[in-house]
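Read-outs: derived from the displayed coordinates by stated rules, not from any lab. Being a predicted model, the structure only gives us computed values, none of them experimental. Here the Cβ positions follow ideal geometry from the backbone for every residue, glycine too, while neighbour counts run over all protein chains shown.
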Amino acid sequence: AGTGPGTFSVRAPYGELPGRVRGRDELLAALERDVTEGCDRIQVLYGLGGCGKTTVALRLARFAHGLGHHVFWISDASRDRLSTGMRQVARELGVSEHEIDAAWSGRSSATDLVWRALDGAERPWLLVVDNLDEQ
């Protein structure tokens, strides 16, 4: 079982965003264009640790948030954090605790539940899964 409602944040850590993002203008312009145009494909930022993936994702998250998108930020630093984060995304999208409990206990698919909630969201969204390289 995960933590109770409201005990786990899926908010982007905007306070960690530097005042200026250097050397990523072309990449950010392309990603911002995708967000603005409603692109519905998955984007993967990859590279060596410390090359700025999180900074680019944070800058894009702030941009999307400014457009009124719902932004979810989940860390995959541990399997428990990923699972708890996705559970909180479902909560924030209005999924009932009954449905969440059924999915996280294995009586239904948690993955399908979260994707259905995202597909049915009233406003556009951006989901960032950070630290995938740490497992």
Q | Sparsely packed GluC sites (Glu not before Pro) within segment 20-125, loop by DSSP, other Cβ within 10 Å at most 10 | A | Glu37, Glu122
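Rounded to the nearest 0.05, what FRET efficiency do Gln43 and Ser96 give with R0 = 35 Å and r taken as the Cβ-Cβ distance? Could you check?
On the way: r = 30 Å, r/R0 = 0.87.
So, using R0 = 35 Å, E works out to roughly 0.70.
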**Q.** For Ser75, distant residues with modelled amide H under 5 Å away
**A.** Asp130
Q. Projected onto the charge dipole of the chain (+1 at Lys/Arg Cβ, -1 at Asp/Glu Cβ, origin at the Cα centre), which of Ala29, Trp73, Ile42 gives the Cα projection farthest towards the positive end?
A. Ala29
Q: Using only alpha carbon positions, build the gyration tensor of the chain, then give the equivalent ellipsoid semi-axes as the square roots of 5 times its eigenvalues, largest first, whole angstrom.
A: 27, 17, 13
(Q) Can you pull out the chymotrypsin sites (Phe, Trp or Tyr not before Pro) in segment 46-135 whose DSSP state is coil and whose Cβ has at most 10 other Cβ atoms within 10 Å? (A) Tyr46
Q: Rank Leu82, Leu60, Phe8 by how far each Cα sits towards the positive end of the charge dipole of the chain (+1 on Lys, Arg Cβ; -1 on Asp, Glu Cβ) and give me just the farthest.
A: Leu60
Q.
Starting from the Kirkwood Rh over alpha-carbon pairs, what translational D in µm² s⁻¹ does segment 1-76 have by Stokes-Einstein at 10 °C and 1.306 mPa s?
A. 115 µm²/s
Q) Using a simple spin-label model with points 7 Å from Cα along the Cα→Cβ vector, what separation in nm is obtained for Arg116 and Ser9? A) 3.1 nm
